[in-house]
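The values are calculated or read from the model by the stated rules, or taken from the named source; none is laboratory data. No experiment lies behind these values; they were computed from the predicted model shown. FYI the Cβ positions are ideal-geometry reconstructions off the backbone, even for glycines, and counts take in every protein chain you see.
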Amino acid sequence: MKIAGAAEAAATAAAWRKEGLSIGLTPTMGCLHEGHLSLIRRARLENDRVIVSIFVNPMQFGPSEDLDRYPRDLERDAALCREAGVDMIFHPTPEEMYPEGFQSGISVGALAQTLCGKSRPTHFTGVCTVVGKLFNLLRPDRAYFGRKDAQQVIIVRRMARDLNMGVEIVECPTVREDDGLAKSSRNIHLDAAERKSALCLFKALSSAGEQVAAGARDTQALVRHMRDLIESEVSASVDYVEIVDPDSLAPVGRIEKKVLAALAVFIGKTRLIDNVLLEP
Ligand code: PAF
């Protein structure tokens with residue numbers, strides 16, 4: 001397995017394509033966990049060659065967000081990738097991705113302005129720009145994304161379609177800890193008490209699922225119920241709790257078909273997100 005910068009990675013991927021080999025890409029910001037490994041394993045099953053990109057993308061962090069404290073551990077990540085049968089890690093420098101004079105970007109419309117986009121107005125332009133660059137550099141056949149970032153998958157899929165990027169976006173299920181907390185690189189920041197509090201995200205979503213199964217259909221009441229559960233945790237503060245259409249991300253009033261319940265919650269200083277599909 002090689003660890004390559006931009007020029008070498010692009011040349012290697014081009015050589016693989018020339019040989020007729022299919023390429024699966026798992027884009028990550030490193031600090032790999034079981035969630036990433038499930039994406040890598042799926043890519044390994046479906047492609048001749050697997051690339052994992054590891055790049056903490058400054059463009060998707062707002063000025064007061066956690067870019068500096070985002071966890072990084074390339075050595076550990078490389079060992080995990082090697083074990084999972086990855087062929088190449090693409091590990092560019094920020095200068096390679098954003099050379100002096102860089103001033104372009106990919107923005108997506110309404111899908112990027114709701115949910116996380118409300119409190120992170122530039123986030124999805126940063127995500128789409130870096131993912132678009134990864135696609136252009138490596139030209140994968142398939143790219144693998146986790147459902148935990150549901151809005152991200154929907155936006156990236158829209159972008160790939162809208163801009164004819166010729167890559168299949170594969171969505172994989174959220175991987176959870178035994179108690180239900182969604183795996184996230186940011187969980188590393190939680191101290192023992194916060195780790196316990198963090199369970200309120202999954203508890204709120206699960207409780208909403210139970211209420212829908214028992215006949216609840218009014219999304220306002222369900223959102224209030226989820227908020228109350230979360231706000232009863234001392235270290236938790238809600239960024240958003242919403243129930244939306246799983247394709248358009250538009251708000252839903254009454255649940256008549258499958259909907260997406262999505263939330264973002266600060267546990268202390270750490271912002272966590274999670275979501276589930278609710279079916280009447
Ligand atoms: O989900 C992530 O880790 C990032 O948003 C991604 C897709 C790697 C782009 O930087």
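Just the residues that are among the hydrophobic types (A, V, I, L, M, F, W, C) and surrounded by 19 or more Cβ atoms within 10 Å (Cβ to Cβ), please, taken from the range 42-58.
Just the residues of the range 42-58 that are among the hydrophobic types (A, V, I, L, M, F, W, C), to begin with: 43, 45, 50-52, 54-56.
Result: Ala43, Val50, Ile51, Val52, Ile54, Phe55.
Which of the residues that make up the range 60-70 are within 12 Å of the ligand (Cβ to nearest atom), of a type outside the set (Ser, Thr, Tyr) and either within 15 Å of Pro140 (Cβ to Cβ) or surrounded by fewer than 19 Cβ atoms within 10 Å (Cβ to Cβ) (or both)? Before the answer, list the steps.
Narrowing the range 60-70 to residues within 12 Å of the ligand (Cβ to nearest atom): 60-61, 67, 70.
Checking the rest, the ones that are also of a type outside the set (Ser, Thr, Tyr) come to 60-61, 67.
Of everything in the range 60-70, those that are within 12 Å of the ligand (Cβ to nearest atom), of a type outside the set (Ser, Thr, Tyr) and either within 15 Å of Pro140 (Cβ to Cβ) or surrounded by fewer than 19 Cβ atoms within 10 Å (Cβ to Cβ) (or both) turn out to be Phe61, Leu67.
Go through the range 125-180 and give me each residue that's hydrophobic (A, V, I, L, M, F, W, C) and free of Cβ contacts under 8 Å to residues at least 24 places away in the same chain. Before the answer, list the steps.
Taking the range 125-180 first, the residues hydrophobic (A, V, I, L, M, F, W, C) are 127-128, 130-131, 134-135, 137-138, 143, 145, 150, 153-156, 159-160, 163, 165, 167, 169-170, 172, 175.
Matches in the range 125-180: Val153 only.
Condition (residue is within 12 Å of the ligand (Cβ to nearest atom) and over 14 Å from the mean Cα position of the chain (by Cα)) applied to the range 37-47: is it met by at least one residue?
First pass over the range 37-47, keeping only residues within 12 Å of the ligand (Cβ to nearest atom): 39.
Those still in the list that are over 14 Å from the mean Cα position of the chain (by Cα) too: none.
Within the range 37-47, none of the residues are within 12 Å of the ligand (Cβ to nearest atom) and over 14 Å from the mean Cα position of the chain (by Cα).
Can you spot a residue in the range 238-254 that is surrounded by fewer than 16 Cβ atoms within 10 Å (Cβ to Cβ), in a helix (DSSP H, G or I) and among the small types (Gly, Ala, Ser)?
no
Kindly provide the set of residues from the range 99-129 that are more than 25 Å from Leu260 (Cβ to Cβ) and out of contact with any helix residue (DSSP H, G or I) (no Cβ under 7 Å at 6 or more places or on another chain), ordered by number.
Within the range 99-129, Pro99, Glu100, Gly101, Phe102, Gln103, Ser104 meet the criteria.
Any idea which of Pro71, Pro140, Pro99 is out of contact with any strand residue (DSSP E or B) (no Cβ under 7 Å at 6 or more places or on another chain) and at pLDDT 95 or above? Quick ask: steps written out before the conclusion?
Numbers: Pro71 fails: at pLDDT 95 or above; Pro140 fails: out of contact with any strand residue (DSSP E or B) (no Cβ under 7 Å at 6 or more places or on another chain).
Among Pro71, Pro140, Pro99, only Pro99 is out of contact with any strand residue (DSSP E or B) (no Cβ under 7 Å at 6 or more places or on another chain) and at pLDDT 95 or above.
Looking at the range 11-29, I want the residues that are without any contact (Cβ under 8 Å) to a residue 60 or more places away in the chain and have a partner that is surrounded by fewer than 19 Cβ atoms within 10 Å (Cβ to Cβ) and not β-branched (Val, Ile, Thr) with Cβ atoms under 6 Å, at least 6 apart or on another chain. Which pairs are those?
What qualifies is Leu21/Asp48.
Would you check which residues across the range 1-59 are of a type in the set (Phe, Trp, Tyr) and assigned to a helix (DSSP H, G or I) and list them? Even if it seems obvious, please write down each step before you answer.
Step one: filter the range 1-59 for residues of a type in the set (Phe, Trp, Tyr), giving 16, 55.
Once the filter is applied, which keeps residues that are of a type in the set (Phe, Trp, Tyr) and assigned to a helix (DSSP H, G or I), the range 1-59 yields only Trp16.
Right, Asn164: modelled with pLDDT of 95 or more, out of contact with any Phe, Trp or Tyr (no Cβ under 9 Å at 6 or more places or on another chain) and not in a loop (DSSP other than H, G, I, E, B) or not?
Numbers: modelled with pLDDT of 95 or more: yes; out of contact with any Phe, Trp or Tyr (no Cβ under 9 Å at 6 or more places or on another chain): yes; not in a loop (DSSP other than H, G, I, E, B): no.
Against the criterion (modelled with pLDDT of 95 or more, out of contact with any Phe, Trp or Tyr (no Cβ under 9 Å at 6 or more places or on another chain) and not in a loop (DSSP other than H, G, I, E, B)), Asn164 does not qualify.
Could you tell me which of the residues Ala214, Ala221, Ala208 is surrounded by 13 or more Cβ atoms within 10 Å (Cβ to Cβ) and small (Gly, Ala, Ser)? Talk me through it step by step, then tell me what you get.
Numbers: Ala214 fails: surrounded by 13 or more Cβ atoms within 10 Å (Cβ to Cβ); Ala221 fails: surrounded by 13 or more Cβ atoms within 10 Å (Cβ to Cβ).
Residue meeting the stated conditions: Ala208.
Identify, by number, the condition in (1) within 22 Å of Asp179 (Cα to Cα); (2) in contact (Cβ under 8 Å) with a residue 40 or more places away in the chain that Asp239 doesn't meet.
(1)
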